[in-house]
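In what follows, a structure is listed as structure tokens, so that the remarks can point back to it.
The values are calculated or read from the model by the stated rules, or taken from the named source; none is laboratory data. This is a predicted model, so every value here is computed, not measured. As a convention, Cβ positions derive from the backbone with ideal geometry for all residues, glycine included, and neighbour counts pool all protein chains shown. In case anyone asks, the SASA skips ligands and DNA or RNA and just uses the protein heavy atoms, side chains included. Shrake-Rupley method; radii C 1.70, N 1.55, O 1.52, S 1.80 Å.
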Amino acid sequence: MKILSVKFIKSSKTIEDCPVSILPEYAFAGRSNVGKSSLINMLLGNKKIAKTSSTPGKTQLLNHFLVNDEWYLCDLPGYGYAKSSKKDKTEWGEMSKQYVLKRENLTGVFALIDSRLPPQQNDLGFLRWIGTHGIPFVIVFTKVDKLTRSQLETNINNYKKTLLEDWEELPLIFLTSSDEGKGKKELLDFIKKTNDEVKKAEV
């Protein structure tokens, strides 16, 4: 898939404020500082699409982008930012949960995981939650360029073992690097394939 156009549509505080649409929609979710904004910018080919910051917790709203006039990307607030107030954490968490559960055209969730870290409880909790609610998702490991090949292989295998303690089978897994552009083609090909399947199902 080639990215021909990207339009920022709006930022929303509630699911009721989100754009009305029947187009396929993909949500990008992850722990604060996982590199979500950088990955979105890499994927869409524009470094200024999603706001990046050295301060975790920058994204606080549901941010919608229309891609190629064919599908939506929704940038969700990061979770697990230690310096957020309890009120902020509650509001952000509830906003994202309501979106994931009630957004009718949500086609799938891209769950971003920092490949440099051992399995984190907030990541595992998020994966269990969306899995329990039957939300289609894939796992996207970020920052894979920051590790040697052997370190990356060890970390990914450890993560798989941890997930298989709760899951009978693993979801699709993508390895990405925003700095090197790794994983861009694979993610876009996956989105195109899924979009095509959605169209066929509508016929």
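General remarks:
- Measuring between alpha carbons in the structure, the pairs from Lys2/Lys102; Lys48/Lys185; Lys2/Lys193 lying more than 22 angstrom apart are Lys2/Lys102.
- Formal net charge of residues neighbouring Leu44 (Cβ-Cβ distance under 12 Å; K, R +1; D, E -1): +4
- Sorting 134-147, 10-23 by their mean Cβ neighbour count within 10 Å, with the most densely packed peptide first, gives 134-147, 10-23.
- Residue (of Leu127, Asn46, Leu187) at the positive-pole extreme of the chain, dipole from beta-carbon charges: Asn46
- Beta bridge orientation in the chain: antiparallel %, DSSP, nearest 5: 40
- If R0 equals 25 Å, the separation of the Cβ atoms of Lys199 and Asp17 corresponds to a calculated FRET efficiency of about 0.35.
- Its Cα gyration tensor gives region 104-203 an equivalent ellipsoid, and the semi-axes of that ellipsoid, as √(5λ) in whole Å with the largest first, are 25, 19, 10.
- Solvent-accessible area per residue, Å², over the chain with all protein chains present [probe radius 1.4 Å]: 55
- Two-decimal Rg to Rh for the chain - Kirkwood Rh, Cα set: 0.93
- Gain upon complete extension [Lys48, Glu70; 0.36 nm per residue less C-alpha separation]: 5.9 nm
- Using a probe radius of 1.4 angstrom, the carbon and sulfur fraction of the accessible surface of the chain is 51%.
- Helical runs (DSSP H, four residues minimum) scored at -39500 (n - 2.57) apiece and divided by the length of the chain put the mean residue ellipticity at 222 nm at -11500 deg cm²/dmol.
- Helix screen, the chain: DSSP H segments with Cα axial length of 15 Å or more and mean Kyte-Doolittle hydropathy at least -1.0 are 121-132.
- Rounded to 5, percent antiparallel among DSSP beta bridges of region 91-203: 10
- Between Leu62, Leu172, Leu187, the GNM of the chain built on Cα springs shorter than 10 angstrom shows Leu172 fluctuating the most.
- Other residues whose C-beta falls under 13 angstrom from the C-beta of Ile9 contribute a net charge of -2, scoring Lys and Arg +1 and Asp and Glu -1.
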